[in-house]
Amino acid sequence: MPEMEQLPIPSATDGRKIWLRVGTLLDGVSAKPLRNAHVVYDQNQILFADEHSPPAGLPGASQPVPDLELPAHTLLPGLIEAHAHFFLEGGELDPEKRSAYLRQTPGELLQLACPRLEKLIRLGIIAVRDAGDKDGVGLALSKLYANRRRPLMPCVDSPGAAIHHRGRYGSFMAEPIEDFATPRECVVARVKAGADRIKLIPTGIINFKQGAVTTEPQMVVEEIRELVRAARSFGMQTFAHSSGDIGIERVIESGVDSVEHGFFVRPDQLAKMRDRQIAWVPTFAPVQEQADHADLMGWDAAVVANLKRILDQHAASLVKAQAMGVPIIAGSDAGAYGVAHGVGFLTELELMERAGLPPLAVINSATGTGSNRLAFKEKFGQIKPGFRSRFILTRHSPLDRIANLRKQKCVVFDDTVFDSGDNFDPAGL
């Protein structure tokens with residue numbers, strides 16, 4: 001029989017304040033968990049979170065004790081997925097079906113993306129930084145979230161179409177910089193289209209047969225720098241698809257806010273990222289899926305060996321980055337081959353743990369670090385006063401193993417409380 005955990009958590013409606021006492025509290029940023037902690041919240045925000053009891057009168061004059069005592073439970077912030085492509089269906093493994101999927105109209109792609117929204121919340125994912133598409137799916141979802149009459153959905157923000165060079169990698173999700181007279185005009189067009197931030201594609205991708213990035217980067221430093229300056233003039237962050245040490249060097253020198261993927265990053269480059277506080281989103285999942293489905297991809301033993309070497313090197317770089325103090329943010333590249341939305345993000349967190357990060361560091365990378373670094377328009381991803389009341393409550397501690405996030409849990413999302421059970425349907429993700 002499936003293990004069920006129906007917690008009688010009252011709904012924080014009509015101004016009601018809810019007071020919980022939990023055995024373990026992970027606030028999203030601290031290096032140690034809080035024990036036997038008190039959390040008070042209403043439908044809008046966290047009001048109190050500490051190991052000490054809340055001040056008299058905060059939960060309500062007639063309430064001297066918590067609504068629930070949960071000494072065996074862990075409370076942690078809802079998760080932030082920092083790299084996903086809503087216009088793609090990652091769980092589909094058939095190459096022909098994936099190609100047919102992309103031949104649909106923008107309206108059809110949006111219609112297929114919408115059912116993923118509530119499913120993500122039920123997995124505990126409260127925010128998604130969409131990583132770009134030229135069909136307007138991410139922008140439409142960002143605008144939907146801004147609507148007060150929105151459905152149950154995570155916060156979504158999007159860059160719209162990424163920026164690349166015509167004829168180079170990225171045409172399926174980007175529009176070329178050559179369409180504009182200057183890099184600034186390209187950024188201005190994205191801003192007018194409603195972009196929340198600017199996505200750049202300065203490099204190519206890994207040649208798995210060669211086990212390396214074998215093409216020259218798409219962009220030179222000064223070009224990337226102009227795009228970054230233009231974005232910052234509008235108060236926007238930039239994030240850059242970056243693989244191969246030559247391209248990564250150019251991206252770092254341009255001053256982007258985050259390096260996406262970062263395969264083959266060197267230790268000296270990690271040091272620069274630490275010193276300049278450039279975040280890293282390592283995205284293990286898409287390469288791991290290539291290895292896991294090598295038979296479907298037609299990869300031979302030599303390519304599988306390349307994939308293993310790339311993943312091992314990436315894992316070593318992640319451990320170095322964490323020890324050095326590079327800001328690490330979790331993102332799965334959901335929508336890529338085999339990387340289903342939501343469940344692929346949980347896989348990414350497990351891969352980060354397998355690489356050598358302690359579970360608490362993984363959790364912080366998926367909550368508070370993204371909250372602090374990604375400049376979302378709302379405050380979430382931390383259990384601190386003033387942050388949105390969006391969190392996970394579970395008696396399967398992720399500090400024991402990250403895979404426990406897949407188990408039975410309760411998700412609180414503003415004034416909505418529901419149990420995330422074993423009957424989760426991953427179809428369409």
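The values are calculated or read from the model by the stated rules, or taken from the named source; none is laboratory data. Worth saying up front: this structure is predicted, and the values here are computed from it rather than measured. Positions of Cβ are generated from backbone atoms using ideal geometry, with glycine treated the same way; all protein chains shown enter the neighbour counts. In case anyone asks, the SASA skips ligands and DNA or RNA and just uses the protein heavy atoms, side chains included. Shrake-Rupley method; radii C 1.70, N 1.55, O 1.52, S 1.80 Å.
Does Ser142 satisfy being open to solvent by 10 Å² or more (accessible area, probe 1.4 Å), in a loop (DSSP other than H, G, I, E, B) and not aromatic (Phe, Trp, Tyr)?
no
Of all residues in region 290-314, those satisfying the criterion of being over 22 Å from Asp245 (Cβ atoms) and either outside any helix (DSSP H, G or I) or in contact with a Gly (Cβ under 8 Å, 6 or more places away or on another chain) (or both) are Asp292, His293, Gly298, Trp299, Asp300. For His38, the conditions (1) within 28 Å of the chain's Cα centre (by Cα); (2) within 13 Å of Pro385 (Cβ to Cβ); (3) open to solvent by 20 Å² or more (accessible area, probe 1.4 Å); (4) of a type outside the set (Phe, Trp, Tyr) all hold with the exception of (3).
Only strands (runs of 3 or more DSSP E) whose full extent lies in region 155-207 are considered here, and none of them has at least 3 residues that are hydroxyl-bearing (Ser, Thr, Tyr), closer than 13 Å to Gln218 by Cβ and open to solvent by less than 30 Å² (accessible area, probe 1.4 Å). Screening the candidates Ala49, Ala72, Ala31 for the property of being closer than 20 Å to Asp419 by Cβ, open to solvent by 20 Å² or more (accessible area, probe 1.4 Å) and in contact (Cβ under 8 Å) with a residue 12 or more places away in the chain yields one hit, Ala72.
Restricting attention to region 143-202, the residues that are without any contact (Cβ under 8 Å) to a residue 24 or more places away in the chain and in contact with an Asp or Glu (Cβ under 7 Å, 6 or more places away or on another chain) add up to 1. Taking region 316-429 and the strands (runs of 3 or more DSSP E) fully enclosed by it, the elements with 2 or more residues that are open to solvent by 20 Å² or more (accessible area, probe 1.4 Å) and either touching a residue at least 12 places away in the same chain (Cβ under 8 Å) or under 25 Å from Ala49 (Cα atoms) (or both) are at 416-420.
Scanning region 75-106 for residues that are of a type in the set (A, V, I, L, M, F, W, C) and in contact (Cβ under 8 Å) with a residue 40 or more places away in the chain yields Leu75, Leu76, Leu79, Ile80, Ala82, Ala84, Phe86, Phe87, Leu88, Leu93, Leu102. Among the residues of region 292-299, not a single one is at pLDDT 95 or above, of a type in the set (D, E, K, R) and buried (at least 18 other Cβ atoms within 10 Å of the Cβ). Looking at region 214-278, the helices (runs of 4 or more DSSP H) lying wholly inside it that each contain 1 or more residues that are in contact with a Pro (Cβ under 6 Å, 6 or more places away or on another chain), on the phi < 0 side of the Ramachandran plot and open to solvent by 10 Å² or more (accessible area, probe 1.4 Å) sit at 221-233, 245-254. For Arg98, the requirement of being charged (D, E, K, R), over 19 Å from His341 (Cβ atoms) and surrounded by fewer than 17 Cβ atoms within 10 Å (Cβ to Cβ) is not met. Scan region 384-420 for residues that are under 17 Å from Ile121 (Cα atoms), within 18 Å of the chain's Cα centre (by Cα) and of a type in the set (Val, Ile, Thr) and jot them down. If the condition is that a residue be under 17 Å from Ile121 (Cα atoms), within 18 Å of the chain's Cα centre (by Cα) and of a type in the set (Val, Ile, Thr), then Ile392, Val411 are the ones that fit. Residues that are within 13 Å of Leu405 (Cα to Cα) and acidic (Asp, Glu) were ranked within region 323-381; the one that is farthest from the chain's Cα centre (by Cα) is Glu353.
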